[in-house]
Structure formats: structure tokens, C-alpha cells
Amino acid sequence: MPELKRIGVLTGGGDSPGINSALRAIVRRASAEGIEVVGFRDGWKGPIEGEAQPLTLADVSGILYVGGTILGTSRTNPFRKRDRDGETVWEPTERVDAILANLEKLSVDALIAIGGDDTLGVAHRLAAYGVKAVGIPQTIDNDIGGTDFAIGFHSALATVTDALDKLHTTAHAHHRLLIVEVMGRDSGWIAVYGGLAGGADVIIVPEGPPEGSFSVDEVEEVVRRRLAQGRRFSIVVVAEGARPRELGGKQVASGEVDAFGHVQLGGVGYWLAGELKKRNLPLTPRVTVLAYLQRGGAATPFDRLLATRFGVKAVEFALEGQFDVLTGLWGTEVRAVPLEEALAQCPKPVDPELLRVARAIGIG
């Protein structure tokens, strides 16, 4: 087993409730072994620029329930995306050299990266340069392979469910067709779990054949069927990455692209509302985009517990010399899952059993 004197930690990508719970657990577990912890600011930008701060027991006191991340985050990418013979390759930039130099300068023996597939993908690629890293999966989308759940998903689910509970009363009172757009670029975990828990009448996910994951005709059919049954309102939950067949299976996007090559999504809810208005339905379509509300607020008890377990295990994996792995929840057990294996499963599709349950109780 390697001798660890100092561990570095960073939080990258979109934030999720529960990150601070993981940071707290990392510092407390490392401190019990006499290991120092330094936190890099703003994701991979921190080790690139050498921006770091000590993390002591005092620094993480009182942050168990606090949302966001005390370290800050970013979508900084030290690799450059290239297309080579039809395949995506990641070429190192001078930023990789900067990371290696700063880790050595700060005497960081191991690194814990908390984030989604982009952040963890960087950690995996850095293994080829000798960086000893352990990943902790966190994303409200819950689309990371190798784990049943990622930090943040259950908190986002609670937010979506609460919003749907509130929207039900006004939908019923005003006889409205409410369209609620939730996050989920490539996977419909939030849409399906939130739609089921919040009593949606239609759930639309990104998963589906290349020609599209849904059609306006299908949504109209459900709404008209409910009207015929005397139910004068409907609530549609649609994931931001849902792909209308009317658009050839393409996602509705703004055109902006981030450092990892992802196009900024958003607008499918308004697009769907516009199309339904053309159908002369007796219900008025209205759109609610939950957007960043899903990332905010205090972590749920489940996420606090999950993040605490992941933080403790990440330190213990490092102590055992297990690197280039992530902390994966398998049932009730936290396992070391090779990052290569977990990333190969991204984006993890929504559980088909949940889709079956939705259809079984008449949700369109």
C-alpha cells in the first residue's frame, strides 16, 4: 500500500446537492489517518493553475447539508477533443503538463475527483500520465455507469416531485395542459422517477430509436383520451434531451458548445407547447422549465448518506492503492469500479423497469 501524506480533491462539472457532504467525509476520514487534504478550486482549473487551499476539519464543519460546493466548479478540460477517422480522441494540451507540475509542487500523493463523466473522464485519462486518482460520481442526471446512483440525483428528484405536487393544484383549477421540462441530456432518470413520484400523465425521455424518442401525435392522443374520460387537465414531464420525431430525432439546442463538446440544450418544452397549440386542444399549454432549481438547495438525507459513504470509501481506496476507479453503489455495497468500465457505460440509460411501470399504470 502506498504511503499517503497529502490528498488533493476537486469538484468539476455541474454542481449537485451532496458534494459538500462528500468533501466533509473525505477530510474527516483522511484526518483520522493523519493525511492532509488540499482542495483545488473550480474543477480542473485548480490543478492547472495551482489554485489550492488546505481543507481542515474546521473548514468542513457545518457543510453536511449545504448545497453547491465550497471549492467551486467549472467545465475546464485539459484535453482537446479531436475527430480521427470517425472516432473521438482526446489529445493532451499544455494544461496536462501544468497539472502534473502542480501536483508534484504541492506534494499531492493522490487525487479525488468528484463529478460527472466529463470530470471523471479526465481523471481516467490522466492515469496514463501517472496521476493516482479515485473518482466519486455526482450528477443529478444519474447517467454515470458503474453505480446505481450518483450524488445529487435523489435531491433533484425531490425538487421535481415537489414542483409537480404544486403544479397539480393549478393545473386542475385552471384546466391546463402543463409541460414541465427537466434536466436529462441523454438519459431520462429525472423525468421517469420525477414523473412517477409526482403523478405526471405523460413522461418523455431521450432514450429511443434514432428517428426520435417521441412524437407530438402521441402526446396529443394521451391528452384527448384524458379529456374523454372527464379529466380536464394534463401534466407532461419532458427531459431536456428528448428527441422529437418531427425534428428527425434531433434534440432542441441553443447551439452553444462547452469544453467537452456538449451542445447546450433547452427549449424542447416550449417547442412542444408550440406544436400542441396548433392542434386546437381545449386546454391551454403552459411551460415550466425547472432548470437550475434542480441543482440547488440542501441535499436530501439519502444524498448526504451516499456522499458520506462515497467520501469515506474514496479515501480508503486510495489507502489500499486502488486508483483509476470510482466509488460505485451496487445495491447496498460501495465497490471500486474501474473508471474505464464505468465510463464505457455512459450515458447510462434509464431503468427499463421504471418505464414499464409507468406504462403499466397508464402514463403516456
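Just a few scattered comments:
- Range in the chain, longest, excluding exposed GluC sites (Glu not before Pro) [loop by DSSP; at most 14 other beta-carbon atoms within 10 Å]: 34-210
- Rounded if a/c under 1.5, otherwise prolate or oblate - the stretch 103-233, Cα gyration tensor axes: prolate
- Residue order, fewest to most surrounding Cβ atoms within 10 angstrom, among PHE79, PHE302: PHE302, PHE79
- The ranking of LEU120, LEU305 from fewest to most other beta carbons within 10 Å of each one's beta carbon is LEU305, LEU120.
- Secondary-structure-derived ellipticity at 222 nm for the chain, considering helices only, amounts to -11000 deg cm²/dmol, per-run term -39500 (n - 2.57) for DSSP H runs with n ≥ 4.
- The shape of the stretch 216-364 comes out prolate: with a ≥ b ≥ c from the C-alpha gyration tensor, a/c is at least 1.5 and a/b beats b/c.
- Each part gets one Cα centre, and for the stretch 150-164 versus the stretch 288-333 those centres are 15 Å apart.
- On Cα atoms only, tilt of 216-228 relative to the major axis of the chain in degrees: 60 degrees
- Burial ordering of ARG243, ARG80, fewest other beta-carbon atoms within 10 Å first: ARG80, ARG243
- Helix 117-126 vs. the chain, principal-axis angle (Cα, 0 to 90°, nearest 10): 30 degrees
- The trypsin sites (Lys or Arg not before Pro) found in the stretch 259-364 that occupy coil by DSSP, while having at most 10 further C-beta atoms within 10 Å, are LYS278.
- Pairs of alpha carbons in the chain whose separation is greater than 33 Å (percent): 32 percent
- Label-point separation, HIS174 to GLU33 (7 Å along Cα→Cβ), nm: 5.5 nm
- Principal-axis analysis of the Cα atoms of the chain puts helix 19-32 at an angle of about 20° to the longest axis.
- Global geometry of the stretch 156-295, whether rounded, prolate or oblate, following the gyration tensor of its Cα atoms and the 1.5 cut on a/c: oblate
- Rounded Å value of the spacing that divides the Cα centres of the stretch 26-66 and the stretch 81-148: 18 Å
Coordinate-derived values only; no laboratory data. Quantities reported herein were computed from a predicted structural model and do not represent experimental measurements. Glycine also receives a Cβ, built like all others from the backbone with ideal geometry; neighbour counts cover every protein chain displayed.
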